[in-house]
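Everything below concerns the one structure shown next.
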Amino acid sequence: MDKIYPVYTLKNECNDCYKCIRQCHIKAIKIQSGRASVINDKCIACGHCVTVCPAGAKRVRNDIETVKNLFIAGKKVYVSLAPSWTGVYNIEHKRMIAALKKLGFSGVSETAIGAQEVSIQTAKILNTAKSGLFISSACPVIDDYIRLYKPEFAKNIVPIASPALTHAGFLKDFLGKDIEVVFIGPCIAKKKEADSHPNLLAASLTFDELNYWFKEEFIDFENIEIDNDCNFIPEKAFEGSLYPIEGGMNETIKKTGIDKNDVTFISVSSLDQFDKSFQNINSAKIKNKIFVEALACSGGCINGPCLSSKKSKILISSDIYANTQYRNIIPKEPRKVVKEEYIPNPVKNPDFSMEQIVKTLRKINKFSPEDELNCSGCGYSNCRDFVNALIAGDAETSMCVSYMRKIAVKKASIVLKCMPSAVVIVDSNFKIVEANDSFLHMFCEDMYEVFSNFSEGLSGALLDKVVPFAELFKAALSSGQDIDQKHYASGNKLYDINIFSIEDNELIGAVISDVTKTETDRSKIAQKAREVITKNIATVQEIASLLGEHMVETELLLNSIAKGYESDTEKDKKGNVY
């Protein structure tokens with residue numbers, strides 16, 4: 001099963017704020033159904049989207065289980081520990097080594113050893129070169145950024161693998177090809193580097209993952225058992241420990257030795273700085289030697305996305321410097337060189353026709369250059385970039401703030417216009433902000449034609465000049481409480497008034513219904529009903545009276561008939577024959 005990409009999105013957690021795409025230097029984010037996802041082929045795994053996501057929806061692939069499976073398989077697994085660890089963990093190296101061994105690692109070595117080998121080889125290259133532009137290969141984010149987005153500079157990357165890969169190769173030479181090496185540091189891109197170089201790195205963990213693992217295993221640094229084997233393999237690193245600090249690589253190369261002192265060393269950190277620094281450069285025309293230490297994180301690896309420390313970056317840098325030892329004599333030949341060729345692989349952005357662009361612009365109500373606000377609310381720097389993303393299927397029209405505002409206003413206007421009740425919105429100065437057609441009919445009937453043809457309608461008019469119950473609005477605004485007033489009498493009118501807060505102490509709205517006719521009709525109906533009931537009662541009483549008189553007469557008649565019938569019966573009993 002293929003591994004998931006080092007950076008991914010928990011879509012159910014994504015709140016469609018577009019902050020990730022706004023902050024992504026290369027716009028390697030795709031929006032579908034309002035949810036952001038990483039475009040793997042475009043992404044360079046810098047991890048910036050992870051650090052800026054306010055909902056925590058951007059996640060880093062967890063590779064702890066991958067490492068545990070190496071243990072289960074009986075592999076001897078060694079740690080390549082990034083030099084920034086001394087600034088993050090306030091413990092002596094023996095305790096760190098003991099803690100890592102308790103997790104199951106066979107031993108620990110410092111990635112800074114690989115950095116030292118890289119510096120020696122880089123110094124050799126610079127000493128033998130006559131001129132040219134040279135870019136460091138230490139940062140995998142920069143390496144991928146150049147290959148994908150600045151391919152013209154790929155040939156200028158020093159053809160050496162990163163310190164982590166060089167260190168892994170060094171450990172395999174030293175300890176045996178059958179061992180496995182796991183990098184641990186603040187960098188997400190190292191996961192991508194491990195995926196593409198499985199022969200050197202079996203996996204890469206971040207300091208965040210390491211801390212989680214320590215907690216999971218209840219590692220207690222204070223009381224952990226330290227034995228005689230708690231030492232770095234094969235030795236403690238020296239000047240290579242400066243690599244995570246901006247300018248640290250340049251410093252180690254200088255200490256290694258530049259024969260003629262004819263190299264200009266420049267440090268560039270952050271993708272934005274890199275872009276600005278490499279504008280209008282034709283490397284073929286450079287006559288001197290320039291070496292650029294290029295890092296993707298501002299300030300260096302001590303600002304890595306998974307540093308897992310709240311310490312001041314000044315204190316982290318200070319701790320790294322304090323823990324760095326320097327060699328009196330630095331070898332002129334590296335013990336290990338891992339060659340790497342950085343092949344350009346430019347991201348291909350399709351060229352869209354002007355017809356496609358114009359058609360798509362119209363979809364978001366952009367009909368003229370003036371309509372293209374270039375507000376960056378969608379996350380793209382300008383409307384044309386956004387439109388290109390729309391055509392490519394990487395964006396949605398709902399991302400355009402101005403477009404969605406117009407749609408919302410239109411919908412609200414239609415709803416207000418169609419409502420039979422009067423609707424009005426009033427600001428804190430009791431000036432009308434918005435009023436619908438029914439409101440105009442209800443309170444400005446004599447001036448309806450004037451206001452209905454005026455584009456602003458009643459906007460800006462003082463409420464108390466229009467309605468006779470402005471005091472209700474003032475009470476609602478001052479109290480912050482909604483008011484529901486039924487059958488409010490004003491003159492010969494009756495109103496049902498519902499006043500509600502829109503923005504506390506700033507904006508209130510009201511829905512008003514004229515119930516005068518309804519109540520009048522209801523009163524008339526009630527009166528008619530009472531008249532009918534009265535008449536019915538009188539009729540019933542009359543019927544009852546008549547029925548009462550006839551009952552007496554009927555009773556007398558029936559009694560006489562009954563008596564007559566009884567005397568005939570008696571005669572029958574005496575033998576009368578009919």
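Numbers at a glance
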quantity	calculated
Accessible area in square angstrom per residue, the stretch 180-275, 1.4 angstrom probe	43
The chain, relative contact order in percent, only Cα pairs under 8 angstrom and at least six apart counted	14
Mean accessible surface per residue for the stretch 361-442, computed with a 1.4 Å probe while every protein chain stays in place, in Å²	53
Sorted peptide list for 482-492, 370-380, 144-154, criterion being average Cβ within 10 angstrom, highest first	144-154, 370-380, 482-492
Inter-site label distance for K102 and R362 at 7 Å from Cα along Cβ, in nm	7.0
Inter-part distance where the stretch 269-314 and the stretch 148-224 are each reduced to a Cα centre, Å	20
30 Å Cα-Cα reach of K465 towards lysines, excluding residues that sit fewer than 8 places from it in its own chain	K410, K411, K417, K431, K474, K486, K493, K517
Loop-located GluC sites (Glu not before Pro) in the stretch 80-122, at most 15 other Cβ atoms within 10 Å (DSSP)	E92
Amide H contacts of L507 (H built 1.01 Å from N, under 5 Å, at least 5 apart or other chain)	I502
I414/V52 FRET efficiency (R0 22 Å; Cβ-Cβ; nearest 0.05)	0.05
Accessible surface, 1.4 Å probe, highest first, among residues S204, S37, S478	S478, S37, S204
Options P140, Q32, V426, ranked by Cα towards positive dipole end of the chain, top entry (Cβ charges)	P140
Percent carbon-and-sulfur accessible area, the stretch 93-245, ignoring ligands, DNA and RNA, probe 1.4 Å	51
Euclidean distance of C-alpha centroids, the stretch 475-512 and the stretch 344-377, integer Å	46
DSSP bridge pairs, the chain: antiparallel proportion in percent, nearest 5	55
Rounded accessible area of L271 (nearest 10 Å², 1.4 Å probe)	10
Mean separation of Cα contacts under 8 Å (6+ apart) over length of the stretch 1-87, as relative contact order %	32
Full-stretch length increase - H487, S376 - with 0.36 nm per residue and alpha-carbon distance subtracted	35.0 nm
Distance from the stretch 389-422 to the stretch 109-131 (C-alpha centre basis), Å	58
Across K42/K276; K192/K254; K192/K339; K101/K172; K215/K310; K30/K215, pairs whose alpha-carbon gap is larger than 24 Å	K192/K254; K30/K215
Computed accessible area, I281, all protein chains, 1.4 angstrom probe, square angstrom	60
Within the accessible area of the stretch 267-395 (1.4 Å probe), percent carbon and sulfur	50
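The values are calculated or read from the model by the stated rules, or taken from the named source; none is laboratory data. Computed from a prediction, not measured in an experiment: that's the story for all the values here. Reconstructed Cβ throughout: ideal geometry from the backbone, glycine too, with neighbour counts over all protein chains shown. These area figures cover heavy atoms from the full protein model, side chains too; ligands, DNA and RNA do not enter into them. Shrake-Rupley method; radii C 1.70, N 1.55, O 1.52, S 1.80 Å.
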